[in-house]
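K.L.:
Got a structure here, written out as structure tokens. Questions coming.
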Amino acid sequence: VRINTRAVPVLNSEALTAQSAKVHSVSGATYTSNDYVKSLQSAIDAARASGITPLV
Amino acid sequence: MSDAPVHCAVGLHHVEQVMGMAVSIDIRDPDAPPAAVDEVIGWLHHVDTTFSTYKLESPISALGRGELTFEDVTDEVRDVLRRCENLRVETDGAFDAFAVPAPNGTTLDPSGLVKGWSIEESAAILEAHGCHNFCINAGGDIAVRGRPSPSEQWTIGIRHPDDASALALVLIATDRFAVATSASYERGAHIVDPRTGEPTTELASATIVGPDLTLADGYATAVYVMGLEGLAWIEKRPGYDAYLITRDNMTHWTAGLDRYRQIPLT
């Protein structure tokens with residue numbers, strides 16, 4: 001059994017802000033069209049559409 | 001229907017509002033044809049018309065009300081419902097498209113699988129047009145192929161449950177990689193356990209990665225309902241891994257997830 005149930009606080013060693021991470025896309029619970037406007041993904045899309053890479 | 005895809009320095013980029021969410025299509029093949037994006041957009045609107053549980057006139061709503069039977073609907077609808085039934089059996093009812101309250105007032109809601117399935121099909125459309133390097137994000141569920149550039153790999157951030165502008169984790173995608181997240185970011189739970197009818201309370205978010213977004217999407221819904229027990233369940237699915245955040249902001253993951261991590265574990 002390879003189960004790994006180590007528990008690490010999400011806000012400790014793994015906390016990454018958008019500013020410190022260059023990501024191409026963001027996974028999260030379904031953005032409604034309204035949520036999307038304020039989302040990281042919309043910022044990524046705006047940067048990509050304007051020809052800027054890497055993103056965010 | 002929508003704006004034309006934007007021609008970028010390399011490839012094409014388009015965001016389509018459909019199925020009540022934004023679908024971002026980022027193609028990095030230099031010679032990607034705009035017709036590829038057009039076909040995906042048409043496909044997604046077809047899926048919305050057919051499978052929406054918000055549209056009372058959709059075939060899936062009529063089926064939920066009992067006005068249509070399994071024999072009346074198209075092969076495509078039957079195929080999706082069969083996939084839902086297979087997933088119900090595989091998850092021992094933690095995913096159940098036939099027993100959850102739907103927005104149209106029925107208890108038939110295949111949305112937990114349709115989104116992933118429609119994006120996996122979208123990826124096949126792009127590949128048929130000769131595209132091999134792209135990322136599609138449908139409201140937070142992601143399918144990628146290839147690379148963003150010859151020297152890079154796709155990187156995928158997982159949203160922090162308490163902060164929409166922060167990431168809990170960054171994953172480095174391999175070719176043919178899917179990421180799906182089920183979550184309830186507001187403290188009030190709104191994902192119901194189909195086995196009990198009660199809201200789930202253990203997890204803030206459940207992220208599943210693997211080769212196929214149809215399964216990853218359904219698995220994410222099921223594992224969110226299963227809670228931490230879902231880790232052992234995902235371990236039995238070759239190629240799929242899970243990253244779970246509990247309501248008290250602790251993280252748990254399957255061992256296989258480590259190979260996709262950008263930042264090594266301490």
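The values are calculated or read from the model by the stated rules, or taken from the named source; none is laboratory data. Model, not experiment: these values are computed from the prediction. Neighbour counts are summed over all protein chains in view; Cβ atoms, including those assigned to glycine, are modelled from backbone coordinates with ideal geometry.
K.L.:
Which pairs do you get when a residue that is more than 13 Å from residue B:19 (Cβ to Cβ) and without any contact (Cβ under 8 Å) to a residue 24 or more places away in the chain, found in segment B:113-139, comes within reach of a residue that is in a helix (DSSP H, G or I) and small (Gly, Ala, Ser), reach meaning Cβ atoms under 7 angstrom, with the pair 6+ apart or on two chains?
P.N.:
none
K.L.:
A further question follows. Listed residues B:228, B:244; which is part of a strand (DSSP E or B) and of a type outside the set (Lys, Arg)?
P.N.:
The match here is B:244.
K.L.:
When you scan segment B:4-57, how many residues do you find that are more than 16 Å from the chain's Cα centre (by Cα), buried (at least 17 other Cβ atoms within 10 Å of the Cβ) and of a type in the set (Ser, Thr, Tyr)?
P.N.:
Residues in segment B:4-57 being more than 16 Å from the chain's Cα centre (by Cα), buried (at least 17 other Cβ atoms within 10 Å of the Cβ) and of a type in the set (Ser, Thr, Tyr): 2 in total.
Okay, residues lined up against (1) on the phi < 0 side of the Ramachandran plot; (2) assigned to a strand (DSSP E or B):
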{"site": "B:180", "(1), (2)": "yes, yes"}
{"site": "B:197", "(1), (2)": "no, no"}
{"site": "B:205", "(1), (2)": "yes, yes"}
{"site": "B:209", "(1), (2)": "yes, yes"}
{"site": "B:216", "(1), (2)": "yes, no"}
{"site": "B:219", "(1), (2)": "yes, no"}
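K.L.:
Go through segment B:191-228 and count every residue that is modelled with pLDDT of 95 or more and of a type in the set (Asp, Glu).
P.N.:
Going through segment B:191-228 one residue at a time, the tally reaches 2.
K.L.:
May I pose another question? Anything in segment A:26-56 that is in a loop (DSSP other than H, G, I, E, B), at pLDDT 75 or above and within 25 Å of residue B:147 (Cβ to Cβ)? List them, or say none.
P.N.:
The answer is A:28, A:39, A:50.
Here is a yes/no grid of residues against (1) among the polar types (S, T, N, Q); (2) closer than 18 Å to residue A:44 by Cβ; (3) more than 9 Å from chain A (Cβ to nearest Cβ):
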site	(1), (2), (3)
B:123	no, no, yes
B:157	no, yes, no
B:196	yes, no, yes
B:208	no, no, yes
B:218	no, no, yes
B:227	no, no, yes
